[in-house]
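Peer 1: Before I ask anything, let me first share the structure, which is written out below as structure tokens.
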Amino acid sequence: MSKADRPDQPNAASRFNEDKATYAVRGDGDTPDLEAGMAAIREVRNTLPTRPGVYRMQDKRGDVLYVGKARSLKARVGAYVQMNRLPHRLMRMVAQTRSMTIVTTGSEAEALLLEAQLIKKFRPAYNVLLRDDKSFPFILLRDDHDFPRITKHRGAQRTKGQYFGPFASAGSVNRTINALQKLFLLRSCTDSFFNNRSRPCLLYQIKRCSAPCVDRIGKEGYAELVEDARDFLSGKSTAVQHKLGDAMEKAADGLDFEMAAIYRDRLKALTFIQGNQAINAQGLPDTDIFALAAKGSTVCIQIFFIRGGQNWGHRSFFPAHTTNVEIEEVFSSFLMQFYGQMPPPKLVLLDRKLPDGELVAEALSTKAAYKVSVSKPQRGDRRKLLTQASRNAEEALDRRLAETSTQAKIMREMVDLLELDAVPDRIEIYDNSHIQGTNMVGGMVVAGPEGFRKNAYRKFNIKNPAIAPGDDFAMMREVLERRFSRAQKEDPDRERGEWPDLVLIDGGKGQMSAAREALAEIGVEDVVMIGVSKGPDRNAGRETFHLPDGRQINLPMNSPVLFYLQRLRDEAHRFAIGAHRTRRAKSVGHSSLDDVPGIGPSRKKALLLHFGTARAAKNASLDDLQGAPGVSATVAQKIYDFFHA
């Protein structure tokens, strides 16, 4: 239990009773029942061992409210029934608790690892959450080819090869790969592209590849380049620099000035990589540097990735659910969730000591299968690096607060202009995409006061065969029917925060009418819906907004609210087009023969070779089908019946 959660006054229970009255007045669902929650916890506590483990608190629907770890489950869970010692935040949580799930572990470190996994899985409302859980990009140097390629990689590391990273962003990876291509001339093309070359590609012409595909370099020479790249990415850049310098001098002494110029350009690329550093990390082993800054309830954690003595970028994170939570607890929870998706380095530097720092180090060492040190340096170069990281964290926090203040002002203005009841916490934006009625897809984008919530985006492949190709109104009806029918089934009481406060439809009166009819048919009539149609000549800035009562308004072209709504609409448009392109790409290799039961790749290939096209096979007679190689009379009958039934 954090110190910041402890009540300043002894009447925490009376303050909670006041909060109960607030719930009842606001109509936020069932009134919290503290006694019922404590009774449920007592019932579980009486059966608990004193062993370490993880506990989950769940509400009446079974949704997870909180995930916690404990050295002694009985003692930790028992603390939640001591009402006079509970802070206000935890009293609210206990009042909603109706059941608990317990998992025992072999050690407290194992419990800490399991806690991080469960937090990522359930994303409980009372846990500190890492908002951005996207995987980080790596550089992959493949080992499964005589001429290995270098490429950007994100996701599970299943491909055989050596991974270097993480990098803070895709941009930092791309810049590094571009420089590495100039420096080591390694190929980045796919194997199929490599195998079908008869002459060098453009990358060879601009001196970014050694063209092993057409034997401009032998296997041994290419292997030497690969080894140099591996040494450089592993932190041996000085040795590579000396090697290139010696080669340049040797070529110049031999009057081979063209080769000397090539080595000179490669040295320039090396200097670019070494000089493009936000902080000086020379002499530092593989390290992650963390610095935290906090103002009010907003917390920023800045991370610098140091690999091979090089700074591979930095990123800012803003954890959620940090109000009234002690900073050290926020930091520990963040670290465990952060390393739940990637291997930790052997050294982790923090700008402050954590009460459970040794436990965090033990848990990370258990996960990584090697010793991980977690420390706060007091002096020297490492302390200077932390000071610089702390300054970056404070600057990032100031920018975030300024953006948040501006965003809050825009949201308030939007409430006034669109005549909403309150600032919407969840905005859903819908758009459709297709090409002449093919591969029809609907997209849903979700935004809130803090920005886009990309983990809530959804795509809808249009499934109704009765929809005419290109019927945007029918597509919108299907999308909304599926979206809100599921919401009615999964959250009929609207207590999970997954019902929108505002729906934006990319379209005019027709789309609005179709959307309203779709919701009315399933009994949803209280969702606020705004239509956004393009103005004359489809010019951005002259959009017309269709209000729920049928009125239409236009906003000034310099209105911040207009820019915000345009950004929401454009994001939905981008997402829907991306989903459509993905579906279209998958359908390119699809054949009507794929739909015939019992027709595998071999028979499909035989039929295509025999008839030339899938359409010819589809229109073939039964006798012609029986004449195809590898097609028996039974299979021919099955194919014929499938297409002619």
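Peer 1: Based solely on C-alpha atoms, express the radius of gyration and the Dmax of the chain in angstrom.
Peer 2: Cα-based Rg and Dmax for the chain come out at 30.5, 91 Å.
Peer 1: What FRET efficiency comes out for residue 371 versus residue 453 if R0 is 35 angstrom and r is the Cβ-Cβ distance? Round to the nearest 0.05. Kindly include the intermediate steps, with their values, before the conclusion.
Peer 2: Working: r = 38 Å, r/R0 = 1.08.
It comes out at approximately 0.40.
Peer 1: Then there is this: Restricting things to alpha carbons, tell me how big segment 95-156 is in terms of Rg and Dmax, in Å.
Peer 2: Expressed in Å, the Cα Rg and Dmax of segment 95-156 come to 19.1, 64.
Peer 1: Please compute the modelled spin-label separation between residue 198 and residue 146, points set 7 Å along Cα→Cβ, answer in nm with one decimal.
Peer 2: About 2.1 nm, to one decimal.
Peer 1: Can you tell me the alpha carbon radius of gyration of segment 340-499 divided by the globular rule-of-thumb value 2.2 N^0.38 Å?
Peer 2: On the way: Rg = 24.2 Å, N = 160, 2.2 N^0.38 = 15.1 Å.
Normalised Cα radius of gyration, segment 340-499: 1.60.
Peer 1: Would you please put 548-556, 495-503, 408-416 in order of how densely packed they are, using the mean number of other Cβ atoms within 10 angstrom per residue and starting with the highest?
Peer 2: Values: 548-556: 11.9, 495-503: 17.3, 408-416: 15.0.
Listed from highest to lowest mean packing, they are 495-503, 408-416, 548-556.
Peer 1: Need one number: nm distance between label points at residue 74 and residue 402, each 7 Å from Cα along Cα→Cβ, rounded to one decimal.
Peer 2: In this crude label model, residue 74 to residue 402 measures out at 5.6 nm.
Peer 1: Considering the options 211, 519, 461, tell which one lies farthest towards the positive end of the dipole of the chain, charges being +1 on Lys and Arg and -1 on Asp and Glu at the Cβ, about the Cα centre.
Peer 2: Projecting each Cα onto the dipole axis, the largest value belongs to 211.
Peer 1: I would also like to ask the following. Using only the Cα atoms of segment 287-399, what semi-axes does the equivalent ellipsoid have when each is the square root of 5 times a gyration tensor eigenvalue? Give whole Å, largest first. Before the final figure, lay out the partial values.
Peer 2: Working: eigenvalues 84, 61, 33 Å².
So the equivalent ellipsoid measures 21, 18, 13 Å along its semi-axes.
Peer 1: Could you work out [θ]222 nm for the chain from helices alone, using -39500 (n - 2.57) per DSSP H run of at least four and dividing by all its residues? Round to the nearest 500 deg cm²/dmol.
Peer 2: Values: 21 runs with 288 residues, N = 645.
Result for the chain, helices only: -14500 deg cm²/dmol.
Peer 1: With a sphere of radius 15 Å drawn around the Cβ of residue 101, what net charge do the other residues whose Cβ falls strictly inside it have (Lys, Arg +1; Asp, Glu -1)? Don't skip to the end; give the middle numbers.
Peer 2: Working: positive: 45, 56, 60, 61, 69, 76, 98, 121; negative: 43, 59, 63, 115.
Taking every Cβ under 15 Å from that of residue 101, the sum is +4.
Peer 1: A further question follows. Residues of segment 551-587 with backbone nitrogen within less than 19 Å of a virtual label 7 Å along the Cα-to-Cβ line of residue 509, please, listed as ranges.
Peer 2: 551-555
Peer 1: Report D for segment 138-275 in µm² per second (integer): Stokes-Einstein, Kirkwood Rh on Cα pairs, 10 °C, 1.306 mPa s.
Peer 2: Details: Rh = 15.6 Å.
Reported coefficient: 102 µm²/s.
Peer 1: Follow-up question, since we're still on this one. Shape of segment 552-627 from its Cα gyration tensor (a ≥ b ≥ c, root eigenvalues): rounded if a/c is under 1.5, otherwise prolate when a/b > b/c, or oblate? Let's see the in-between values first.
Peer 2: On the way: a/c = 6.09, a/b = 4.48, b/c = 1.36.
It is prolate, given that a/c is not under 1.5 and a/b is the larger ratio.
Peer 1: If I stretch the segment between residue 36 and residue 234 completely, what's the gain in nm (0.36 nm per residue apart, minus their alpha carbon distance), one decimal?
Peer 2: On the way: separation 198, 0.36 × 198 = 71.28 nm, distance 5.79 nm.
Result for the pair: 65.5 nm of gain on full extension.
Peer 1: Note the full-extension length gain between residue 82 and residue 265 as 0.36 nm times their separation in residues minus their Cα-Cα distance, in nm to one decimal.
Peer 2: Working: separation 183, 0.36 × 183 = 65.88 nm, distance 7.03 nm.
So the chain would gain 58.8 nm between residue 82 and residue 265.
Peer 1: Quick one: net charge of residue 576's neighbours, Cβ under 9 Å, K/R +1, D/E -1? Intermediate values should be presented prior to the final figure.
Peer 2: Details: positive: 459, 574; negative: 431, 506.
Counting the neighbours of residue 576, the net charge comes to 0.
Peer 1: Using the Karplus curve 6.51 cos²θ - 1.76 cosθ + 1.60 with θ = phi - 60°, work out ³J(HN,Hα) for each residue of segment 412-424 in order, rounded to whole Hz, and write x for Gly and Pro.
Peer 2: 5, 5, 5, 4, 5, 5, 8, 6, 8, 7, 7, 5, x
Peer 1: What does the convex hull of the Cα atoms come to per residue for segment 592-644, in Å³?
Peer 2: Output value, Cα hull per residue: 63 Å³.
Peer 1: Provide 485, 135 in ascending order of the number of other Cβ atoms located within 10 Å of each residue's Cβ, fewest first. Intermediate values should be presented prior to the final figure.
Peer 2: Values: 485 16, 135 13.
Neighbour counts put them in this order, fewest first: 135, 485.
Peer 1: Calculate one ³J(HN,Hα) per residue across segment 254-265 by plugging θ = phi - 60° into the Karplus curve 6.51 cos²θ - 1.76 cosθ + 1.60, and present them in order as whole Hz with x for glycine and proline.
Peer 2: Ordered by residue, 3J(HN,Hα) equals x, 6, 8, 6, 5, 5, 4, 5, 5, 5, 4, 5 Hz.
Peer 1: Sticking with this one: Hey, can you rank 467-478, 328-339 by average C-beta count inside 10 Å, highest first?
Peer 2: Result, highest mean first: 328-339, 467-478.
Peer 1: On to the next question. How large is the charge dipole for the chain, taken about the Cα centre, if only the Cβ atoms of Lys, Arg (+1) and Asp, Glu (-1) carry charge, to the nearest 20 debye?
Peer 2: For the chain, the charge dipole is close to 1360 debye.
Peer 1: Going 7 Å from the Cα of residue 468 toward and past its Cβ, which residues in segment 419-444 have a backbone nitrogen under 15 Å from where you end up?
Peer 2: So the set is 436-438.
Peer 1: Give me the number: length gained by fully extending residue 567 to residue 43, i.e. 0.36 nm times residue separation minus the C-alpha to C-alpha distance, one decimal in nm. Let's see the in-between values first.
Peer 2: Values: separation 524, 0.36 × 524 = 188.64 nm, distance 5.09 nm.
That works out to 183.6 nm of additional length.
Peer 1: Let me ask something additional. Can you pull a Stokes-Einstein diffusion coefficient for segment 466-571 at 4 °C (1.567 mPa s), Rh from Kirkwood over Cα pairs, as a whole number of µm²/s? Please report the intermediate quantities before stating the final value.
Peer 2: Values: Rh = 14.9 Å.
For the chosen part, D equals 87 µm²/s.
Peer 1: Hey, another quick one. Using packing as a proxy for protection, rank 248-256, 440-448 so that the peptide with the highest average count of other Cβ atoms within 10 Å comes first.
Peer 2: Working: 248-256: 13.1, 440-448: 23.0.
Per-residue mean Cβ counts within 10 Å order the peptides as 440-448, 248-256.
Peer 1: Explain nothing, just compute: Karplus ³J(HN,Hα) = 6.51 cos²θ - 1.76 cosθ + 1.60, θ = phi - 60°, for every residue of segment 58-75 in order, whole Hz, x for Gly and Pro.
Peer 2: Per residue, the Karplus-derived 3J(HN,Hα) values read 10, 8, 5, 8, x, 5, 6, 8, 7, 10, x, 10, 8, 6, 10, 4, 4, 5 Hz.
Peer 1: Another one. Suppose each label sits 7 Å from its Cα in the direction of the beta carbon; what would the residue 395-residue 295 distance come out to in nanometres?
Peer 2: Each label point lies 7 Å from its Cα, and together they span 1.5 nm.
Just so you know, all these numbers are worked out from the coordinates, no wet-lab data involved. On a predicted model such as this, the values are computed, not experimentally measured, just so you know. As a convention, Cβ positions derive from the backbone with ideal geometry for all residues, glycine included, and neighbour counts pool all protein chains shown.
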